[in-house]
Every structure is written in C-alpha cells, then in structure tokens.
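What follows is a set of notes on a single structure, which appears directly below.
Any read-out appearing in this document is the output of simple, stated calculations on the displayed coordinates, not a laboratory observation. Everything numeric in this text was worked out from a predicted model, so none of it was measured. Here Cβ is always computed from backbone atoms with ideal geometry, including for glycine, and neighbour counts include all displayed protein chains.
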Amino acid sequence: MMEFALASAIGVLTAAGVYLLLRARSFDVILGLTLLSYATNLLIFSAGRLAVGKAPVLQADLAANLDNYTDPLPQALVLTAIVIAFAMTAVTIVVAMRSRADNRSDHVDARKPGCDA
Amino acid sequence: MSHLPVLPILIPLLAGALILLVERRGVMAQRIVAWIAMATLLLAAALLLVRADQGTLLVYLLGDWPARLGIALMVDRVNALMVMTTALLATASLLYACAGWDRRALHFHALFQLLLAGLNGAFLTGDLFNLFVFFEVLLIASYGLMLSGGRGLRMRAGLHYVVFNIMASTLFLIALGLLYGLTGTLNMAEMALRIGAADPADLALIRAASAILVVVFCSKAALLPLYLWLPETYSRAPAAVVALFTVMTKVGVYAVLRVYSLVFVFAGDATADWVWAWLLPAGMLTLVMASLGALAGRTLRGTVAYLVIASAATLFIAFALRTPAAVGAGLYYLVHSTFVTAALFLIVDLIRRQRGAIADRLESAAPMGSATLLGLLLLIGAVSVAGLPPLSGFVGKLALLGAVPAEHTWAVWSVILVTSLMTLVALSRVGSQVFWRAEPLPRDRPAPTPPRRLEVAAAMVLLGYGVLLTVAAAPAMRYVQSAGEQILAPETYIEQVRNTPPKLRKPSP
C-alpha cells in the first residue's frame, strides 16, 4: 500500500510538472520545475527501499544490517538534491523577474501579451 | 605528492572564496589572486599530466573511505588531458577578460574560479553522484557569468539556458535514483561490476537509466535534437565567458565517453553497445545539421556557435567507433577544437566591435579598423577549424579518417569531408562579407577604437596552442593513443580502483 501511494505520488507530481513545464509563462515553468524536483526527491528516497520505524544511525545493541536499519545514503542524496533544487528555483525566479522587467512580458520567449507571432 | 589529484579542484575553490574577500579592494587585487591561482592550477595540471602518462591510475580517496563506500577522485590519461586543456583555455580567457570585461561584470573573477572548480571536479571524479554535484557547481557559476552585466534579450536567452539545464539535471537525478536503487553504489567502477552481475529482471530498468543518462549528457554536449539552446546562448554571452564555455560542451562528451566505456560495459551486448550504435548516426546527422547552420548563419557569433556543435558531433563519431586509434584521434581533435572555437569566438568579438552599429550581423558595413590584423587572425582560425593543412585541425581529422574501421569508411569519410568543405565555404563567406564588401565610410562617425593589446594577445595565445599541437603532433598523438587504449580497458581501471586501500583508516571497513 505504501509503495502504491509513493509511486502514484511520484507519477502525479511528474505529470503535473511536465504539463506546467510545457506552458508558455515563465511562472508556470518555474512551478513545473519545482514539482519535478519534488518527484525526483521522492524517487531517490525510495531507492533506499521503504521501511517504517527504522533508524539510519547505528545503535550499539543492534546488528549492523539492513534488517535493522534503513539505508542512510539516499537520505543524504535527497538532502543534497533538495538544497540544489532550492537554490536553482531561486536563480530561475530572479532571472525570470529580470527578463519580465526588461522585456515587458513573462512569456518564455519574451513576446508581448496577445501577440502570437 | 599524494594530494595532487585534489589540487585542481581546491585551488580554484579557495581562490574563488579569497577573491570574494578582496573584492572591496578593487579589481587589481582580484586580478592578482586570480592570476596566482591560474599559475598554480597550470602547474598542478602539468604535474598531473606527467604523473598520468606513467600509465598507472591515480586514485584519491576523499575522507579516506574505500572507493566503493566513499567518493573517489580518479586520474587516468583522459582526465589529466581534460584538466590540462581547461587550464590552458582558462588562461587565455582570463587574459581576455582582464582587458576590461572584469570591471563591468559583477563578481566576474570569483565566478570564473568557481566555474573552473566545477569543470575540474567533473573531469576528475569517479563517482556518479559527485559528477552531478560538480555539474551543478559549474552550471551555477556559468549562469552567473553569462547573466552578470546583461539585460534584455540576454536575459531571455539566459532563462532558456537555465530552465533547460535544470530540466537536464532533474533527469540526471532520476537516472541516479534508479541506478542506486538497483546497484546500491554510486562509484562508477563498483557500479560497473554490480551491473555486470545484475539480476536479468533488472536489466530493463538499468537500460532505461542508461538511456536517461545519455539524454542528459547529450543535452550538455549539444547533440541532435538537443542543441537548439546552444547558438542563442553562446551568441548572447560575453566573449571572455563563451571562450571558456566551449569546454562545457566537451564535459558532456567526456561524460558519455567515461560512463559508457566503464559503467555499462559488463551488462551484456544489448545494454552495453546500443548507446554507441545510436550515437554514430546521431553524431553524423548533427555534424551535417551544424554545418548547414554555419552556412546559413546570419551573425558572426551564431556561425561560430554552430562550429562548436559541429566539433562536439565529430567527437561523438570518433568515440562511437570504439577503437583505440579512433578514440585517441577524437581526444586530439577535442583539444584542438576547444582551442580553435574559443579563439574564433574571441576574434569575432574583436571584429564585431570594429563594425559600429552593424556589429556581428553579416551585412556590409563601413571599412573596419585593424582589418589586416583581424583578417589574418580569422584566416588562421578558419584554416584550422576547417581542417586544412598545415594546422592542428588537419592533423586531427587525418588521424580520425585514418582510424575509421573498414565497415564505416564510406559513411564517415563522406560526412566528415563534405562537412569540412561546408565549414570552409561558410567561413569564406564570413571573411569576404566582413573584410571585402564595404560601404563608404560615413563622415560623421568617428573611427572605432583599435582592439586592446591584451585581447589580441589572448586570441593569439589560443591560436598558438593550435600551432603547438601541430608542431608537437608526434608526442601529442602518442599520448592520446595510449589514453584511448587506457579508457577502452575498463578491467584494469576497476581493479586499480578496488585495490586502493585507505591510508589511515584501520582496520579497513
């Protein structure tokens, strides 16, 4: 059940992200990138297999194997990915705002509203 | 020296931080730090090249964990060559920027050093996730370099570039998540062994991950149909920056060569070889399209940008042939094409500023200043990039044509020779349009200021590297041939990585 929930969450986030990414306004594109990064983070997290109530940190009284612990590495990877995605979102927002101010349009190709050419 | 492999990453990283600290003391202080770092980096890269040429793999365990657990840096002949190429290219690029661009672009020197740290890290790392991190480091620095001091349409081109690269990075992470979930390691050598021993049921997912990875790397390397972002970005970025960007497409090519000669080789024929079977025709098609783009170019910088795509496509053809001689010839061509396309970007930037309002559009303009000097520089660059004797382009293409196996001779020879002719026609067109067709000089406009000496010197340095590659063709060829043999023998590579014990950690985990 948990696998199904996680897999569908990844699928829905990816689908919504791709849809928004293909839209013509830079704000939608940035939202799409954010959703895609959430989907990716969940995917990486699931690479360490899903487990309930297991710690990633070794304890003295438990044998060190994957029956007793969850894999800590994907969690570290996800942290790295979250930080990078967060920074990238900030960069994109700044660039998009500057592009909107300079070109007077938030269309990704900097066209005027209502002009389809 | 046992810490040598990490120096090409540490030096620019520290210099970048230091430059941020001295930024308030003015541009001279920044330049001094930047040049000291550059000189040290050149020295480290040269030492690395000499060490790598002894034939043993240098393995550097960061944090002293064994390679299968921690992050390892690895240096063989190919990595050392890439680091050396980057350092030499960056020297010329820095020289060009010090003529005045660094006063106009905020934080130029700091970002420049961080970009170098990212590039060197991507070339040296032996860990797939670390490769992703260094890709991000170099991309973040490149966003800053490209957009600093820019406005208007450069911002639009910048938005496309940023969004496209974030998308590629997201795909990279998806592939990494799949591969880690299936193999439980991120070290490339260890992953190769585990993929070789993988459950046949997992092979389909491994193949999917390898396909996602090749999309990521090819979007960096601008392979058809993923090159559309490149001409716009490269023709809107400042010249000193774009000269260094020419090595960024080569990062993608290098990543394909490294990952698909190592990680997936033991996965059975269907997973190991399909990428190369695809890349050969894709490379040829890209080469044709890029040459057509250069022929059809309406601006100087757009034409040169298509030549960058053409050079990356030639590399894909060379590497996809999978013989040591072809890969070696490709590596020689990689070094040559990096220098010569960077030189062309600097030269057309100098030409552009002599042409008043017409700038780099290929239209008739008033007679330009310093036409003899700039014309001569463009001529040398054009001869070299088109592959005419006697310069390094000719040596590289000759070696590549000589190394083509019999079954591909017809296709590869005709594509490479015809596109060389197209490049030659495109550049002749540029040259005659810019230097020979002139409007009468308007009276009211003052003559443009002649190009600064430092900028001309930077372009000459880059062309000089090409001459050096031609004069020293024999030792360079010997080096790249052994590099080709080394990268096509992943078994020894893996063995050396696995047999490197931690230095201090006892007992070894």
Exercise. Over what distance in Å are the Cα centres of region B:80-129 and region B:311-356 separated?
Worked result: 18
Seminar exercise, completed: In degrees rounded to 10, the 0-90 angle between helix B:300-320 Cα long axis and the longest Cα principal axis of chain B is 30
Seminar exercise, completed: FRET efficiency (A:N68, A:E3; Cβ distance; R0 22 Å; to 0.05) is 0.60
Exercise. Residue farthest toward the positive end of the dipole of region B:1-111, with Cβ of Lys/Arg at +1 and Asp/Glu at -1: which of B:A45, B:L73, B:L111?
Worked result: B:L111
Exercise. If the convex hull of the alpha-carbon atoms of region B:186-228 is projected onto planes in all directions, what is the mean projected area in square nanometres?
Worked result: 3.6
Exercise. Straight-line reach from B:K250: which lysines have Cα under 29 Å away, leaving out those fewer than 8 places along the same chain?
Worked result: B:K220, B:K397
Exercise. Expressed as cubic angstrom per residue, what is the convex hull volume of the alpha carbon set of region B:375-494?
Worked result: 156
Problem set entry | Cα-Cα pairs of the protein assembly as shown separated by more than 45 Å (percent) | 17
For this session: Using per-residue counts of other Cβ atoms within 10 Å, averaged over each peptide, order B:239-250, B:276-287, A:18-29 from highest down.
Result: B:239-250, B:276-287, A:18-29
Exercise. Taking the alpha-carbon centroid of each part, what is the distance from region B:472-503 to region B:370-425 in angstrom?
Worked result: 28
For this session: Mind pulling the per residue volume of the convex hull built on the Cα atoms of region B:380-419? Å³ is fine.
Result: 49
Exercise. Other chains near A:73-81: what is the mean number of their Cβ atoms within 10 Å of each residue's Cβ?
Worked result: 4
Seminar exercise, completed: Rounded to the nearest 10 degrees, the helix A:2-21 long axis (Cα) sits at an angle to the longest Cα principal axis of chain A of 20
For this session: Only Cα pairs under 8 Å and at least 6 apart count here; give the relative contact order of region B:312-425 as a rounded whole percent.
Result: 29
Seminar exercise, completed: Rounded to the nearest 500, the 222 nm mean residue ellipticity computed for the protein assembly as shown from DSSP H runs (n ≥ 4, each -39500 (n - 2.57)) alone is -24500 deg cm²/dmol
Seminar exercise, completed: So the angle from the long Cα axis of helix B:473-487 to the longest Cα principal axis of chain B, reported in degrees to the nearest 10, equals 40
Exercise. Could you give the alpha-carbon Rg of region B:301-428 over 2.2 N^0.38 Å, rounded to two decimals?
Worked result: 1.16
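Can you give the net charge of the other residues whose Cβ lies under 13 Å from the Cβ of B:Y60, counting K and R as +1 and D and E as -1? Don't skip to the answer; put the middle values down first.
Values: positive: B:R51, B:K503; negative: B:D64, B:D76, B:D127.
Overall, the nearby charge balance is -1.
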For this session: Please report Rg over Rh for chain B, where both radii come from the alpha carbon positions and Rh follows the Kirkwood definition.
Result: 0.97
